[in-house]
Each structure stands twice: as structure tokens, then as C-alpha cells.
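A.B. asks: First, the structure itself, so that you have it in front of you.
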Amino acid sequence: MTSKLEQKEKPQANGAVLPMVAGERPGSPERGRRPERSDFLGPDGSGVEVVVLESRANAKGVREEDALLENGSQSNESDDTSTERGAEPPSPLKETSFSIGLQVLFPFLLAGFGTVAAGMVLDVVQHWDVFKYVTEVFILVPALLGLKGNLEMTLASRLSTAANIGQMDTPKELWKMLTGNMALIQVQATVVGFLASIAAVVFGWIPDGHFSMDHAVLLCASSVATAFIASLVLGMIMIGVIIGSRKMGINPDNVATPIAASLGDLITLALLSGISWGLYKELESKAYVNPLVCAFFISLLPIWIIIAKRNSATREVLYSGWEPVIIAMAISSVGGLILDRTVSDPNFAGMAVFTPVINGVGGNLVAVQASRISTYLHMSGVPGDSPETAPRKCPSPCSTFFSSDVNSRSARVLFLLVVPGHLVFLYTISSMQGGHTTLTLIFIVFYMTAALLQVLILLYIADWMVHWMWGRDLDPDNFSIPYLTALGDLIGTGLLALSFHVLWLIGDRDSDVGD
């Protein structure tokens, strides 16, 4: 009678799997050795039947790594014959240039039309009394619109990565991830909104030397309330988008961040305009309303902090995730100062409608790319632990845009969306008779040059920044997107203001820049 010797597999530290003979104790000195041929011979020297139990130790990692690799040359699926994966569903995330473009196109257009709507709103509200007499509100615009990059896009990137690597597969994991992240963004939104109002007061006071306490409290109340409500609404929308994307077999990295931006600009700007207008009306008769609004939202901070601290997924970000958010807010506020000084000049009033569009499109595209690169790196390990993804000191533009790498391919697809996307958005603005500018050929050339240069710079910086942060043991999902979207606001606003000044200097009267 032949005896059966059961063989088990055990994972090693380096990811390899070695068999473990039954009866071998975990703490025994012989555990680490490879089995010899004699281990599989019976007492009489005859062979014994070996039952091998399939190990899933590395199956998940293999599936995740294959998720963003290309079919054929970049996939090692054909070389892996030792792991049985027949019972596992095929990964829906293997992408070609066409599939990337197809998945990104609809959310990109949706996000673009959201920025167009935001631009139309800004074009109207810039003539309201609160924007005329409390011009520092213009400084708040890029800073608060940038919250979609600082908070909502970062949230979308974190949840997309968690969904792609299987950290939201069970209801318990899903609930834990969602509650912690929602509490976290409420903490960040309240603090960033408060700091943005301080930056607006400072930037408004430095050039003119004029300070008004009533206006400062108004800015604080408007900023904190807008940031809190917008983050709450957009965070709930993001959760639905990411869960729905996974169920439909769509890569959340391609759709979550653009959809966050599509509604983010419009909702945030509408809230800022409405809240600041309402509080401005209460300044004379009910001056106590503004301080009460500030105190109410700030008093909720301890509740959100306690919830976020109890969740291991957000505890680290709660302590270490402030630097990029605050610095990004400061960068966006500089862009807001440029917008304030430019739009306040009647010669450049037409710039208001285009600012959310060019900033939003650039931020949306670079957020998609950063989220994709971050997910790609997470599938190879943890930050700072993968030698093959060592930080790049200075990647060449050729490697960023023209290599055969999947991330280079997505960069090309995103860059090619700039011109047709902006043409559609400009035509929409013109057909709705928005702004104070007629679309002439020379205006379109200057505008497109600014938009292409902005996205080109952002995609290049994203390629370097995400890899650099990864090599420095920083999670790009939490650190890269706030910097990139804030730089998008600053670069976009600066290039657009420069274009309007050049058009005015060369006397392009047909574009009616000065109306």
C-alpha cells in the first residue's frame, strides 16, 4: 500500500514559494531547506503519491501586476505556467492606446463641459457687488477650485488604487475605507479653506496696504463653508463612481479624477458665489452671522479627526498629508492673485470665462496620468521598496512621451486630447455668448499655444514627480496630485494672462479683448 505524503507550499520573503513537507514544524531548523528526492520516497524506496495544494500567495500580486501591462510583450502571463488562475476572472485593465483614449474621452469631455459651466458662472458673478467690493474673493477662486486636486482627486486616486489592488473587495473593507477617507477630507477641507482665506487676506493686503476685519471674516466664512460642503458632496459622488467603475470593468483611474473635476469646478464656484453673496448681504444688518458660520464648521473638526484616526488607512495621511495640501493651496493662491490683478483691469475682463477651462483641462489630464503611474507602481510593491522603480533625477522628454512604456503611451493619448478638447470648449463658450472676447484665429492660436505648453510641462513634471516620490518612500496618491493640479492652476493662469497681454499689446482689436 502506497502512503500519501502531503506537500504544502510556503511563501518566502522574496516572493518565491518553496514546498513544505507535511510534518515539518514551522519553527524547525529544516524549514528553509529545499526538499531532496529522498523526501518523496517511501520506506522501501518506492515513489509515493504527492498531493500538491495550490498556493495563492502570489496569485493576487501577479493579477495586479498584469492589470496595467500590455498584451504580449509587456505581459509575462505566457511565461507563468506554474500558477493556476483558471478560477479567477480575467483582469479588465489591460489597455491599449485605443482603450485608454476611449475610456478617458467621455469623462474628459464631461469634465471639460463642467469647467466651461464654471467659466460661464465666473463670467457672470464677477460683476456682483461682493466680487467688486471684496476683490479678494477672486484670490479664493483658484485655491478653492484647486480643492478638487488637493482633496477630491487625491481621494479618487487613493480609492482607485485601493480598488485596483483588492483592498475594497469585501463589504467590511469597503466601509472602513470609505468612512475613514470621508472624515479625512472633511478635516483637510476645513483646514485648507481656513488657510486659503488667510492667504487671500494677506495677498489682498500686500499690494494695497488696506485691511478690513469685516471682509476678512467674510472671506473666512465663505471659504470654510464652501470647502466643507463641496468636499462632502464630491466625496460621495467619487465613492459612487469608483464602485460603479469596478462593477462595469472600467479602470477607475481613467474616469474617477475627470468626473471629480467635472462637477468640482461648477459646484465649488457656485457655492462660493452664493455663500459669499449671501454673507455679504448680512454684513450691515447681522454682522454676527459670519463669525458664527466660521465657528460652526471649525467646531466639527474634532469629530472628523477622531473618525479618521480610528481608521488605519487614513491615520498616516492625517498626520503626514498636510504638506502637499497646504503648499498646493499657496501655489493656487498665487494664481488667484494673478487672476485678481488681471480681471480687475477692464481691458482683460474676458479672461474670467477661460481661466477655469484652461486650468481645469490641464489639471484633469495630469491627474489621470499621475493616478495611472501611481497605480502602476503600487502593483510592483510598496513605496521605496522597488529598485526597478528608483527615483528619476531628470527623465528625458523622449522617455516620457515617445517610449514603448504603457505610461508613455497614456501620456501621448492625453496630450493629443488637448487641441480637439479645447476647440470643442471654445466653440461651446462662443455659441453661448460667454465672455467678452470674440474667437479670432490669432486668439485661438495664442490660447492653444498656452494650453499645449501647460499640459506638456505638467505631464513631464508628473513623470518625474511620481517616480521621485515613490523612490523617497512617499505615496504618490497622497502627495503628487495636489502639487500637479496647483502647478496647473499657476501655469495655466500665468500663460493665459500673458496671452491676453500680448494680444492687447499687438492690438488684436478684432478679438475685442478690451471690451
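The values are calculated or read from the model by the stated rules, or taken from the named source; none is laboratory data. Note that the structure is predicted; figures quoted are calculated from it, not measured. Reconstructed Cβ throughout: ideal geometry from the backbone, glycine too, with neighbour counts over all protein chains shown. Heavy atoms of the whole protein, side chains included, go into the accessibility calculation; ligands, DNA and RNA do not. Shrake-Rupley method; radii C 1.70, N 1.55, O 1.52, S 1.80 Å.
A.B. asks: Might you check whether a residue that is in contact with a Leu (Cβ under 6 Å, 6 or more places away or on another chain), in a helix (DSSP H, G or I) and under 28 Å from Val466 (Cα atoms) occurs anywhere in region 165-181?
C.D. replies: yes
A.B. asks: Looking at Ile307, is it over 21 Å from Leu498 (Cβ atoms), assigned to a helix (DSSP H, G or I) and open to solvent by 10 Å² or more (accessible area, probe 1.4 Å)?
C.D. replies: yes
A.B. asks: Within region 466-486, track down each residue that is over 16 Å from Leu414 (Cβ atoms) and part of a helix (DSSP H, G or I).
C.D. replies: Matches in region 466-486: His467, Trp468, Met469, Trp470, Gly471, Pro476, Asp477, Asn478, Phe479, Pro482, Tyr483, Ala486.
A.B. asks: Here is a follow-up. Hey, among the residues in region 397-449 that are open to solvent by 10 Å² or more (accessible area, probe 1.4 Å) and among the aromatic types (Phe, Trp, Tyr), which one's nearest to Ser374 (Cα to Cα)?
C.D. replies: Going through the qualifying residues, I end up with Phe401.
A.B. asks: Is there a residue in region 245-266 that is in a helix (DSSP H, G or I), closer than 20 Å to Phe131 by Cα and out of contact with any Asp or Glu (no Cβ under 8 Å at 6 or more places or on another chain)?
C.D. replies: yes
A.B. asks: Since Asp80 meets every condition but one in (1) of a type in the set (D, E, K, R); (2) at pLDDT below 85; (3) surrounded by 17 or more Cβ atoms within 10 Å (Cβ to Cβ), which condition does it not meet?
C.D. replies: (3)
A.B. asks: Determine if region 335-345 includes at least one residue that is buried (at least 24 other Cβ atoms within 10 Å of the Cβ) and under 28 Å from Ile165 (Cα atoms).
C.D. replies: no
A.B. asks: Against the condition among the small types (Gly, Ala, Ser), more than 23 Å from Val137 (Cα to Cα) and either assigned by the TED database to the domain that holds Met465 or within 23 Å of the chain's Cα centre (by Cα) (or both), how does Ser380 come out, does it pass?
C.D. replies: For Ser380, the condition - among the small types (Gly, Ala, Ser), more than 23 Å from Val137 (Cα to Cα) and either assigned by the TED database to the domain that holds Met465 or within 23 Å of the chain's Cα centre (by Cα) (or both) - is met.
A.B. asks: If you don't mind, another one. Among the residues of region 296-323, write down those that are closer than 19 Å to Ala227 by Cα and of a type in the set (Phe, Trp, Tyr).
C.D. replies: Across region 296-323, the qualifying residues are Phe296, Phe297, Trp304, Trp322.
A.B. asks: Mind checking which pairs have a first residue in region 414-426 that is over 13 Å from Val455 (Cβ atoms) and a second that is outside any helix (DSSP H, G or I) and of a type outside the set (Asp, Glu), Cβ under 9 Å, 6 or more apart or different chains?
C.D. replies: From residues that are over 13 Å from Val455 (Cβ atoms), the pairs are Leu426/Leu439.
A.B. asks: Among the residues of region 194-231, which ones are among the acidic types (Asp, Glu) and within 19 Å of Ser285 (Cα to Cα)?
C.D. replies: Within region 194-231, just Asp214 meets the criteria.
A.B. asks: Can you tell me which residue among Leu155, Leu102, Leu110, Leu147 is closer than 28 Å to Phe425 by Cβ, free of Cβ contacts under 8 Å to residues at least 24 places away in the same chain and within 20 Å of the chain's Cα centre (by Cα)?
C.D. replies: Leu102
A.B. asks: Name the residue, out of Gly360, Gly321, that is touching a helix residue (DSSP H, G or I) at 6+ places or on another chain (Cβ under 9 Å), closer than 30 Å to Tyr427 by Cβ, open to solvent by less than 30 Å² (accessible area, probe 1.4 Å) and not aliphatic (A, V, I, L, M).
C.D. replies: Gly360
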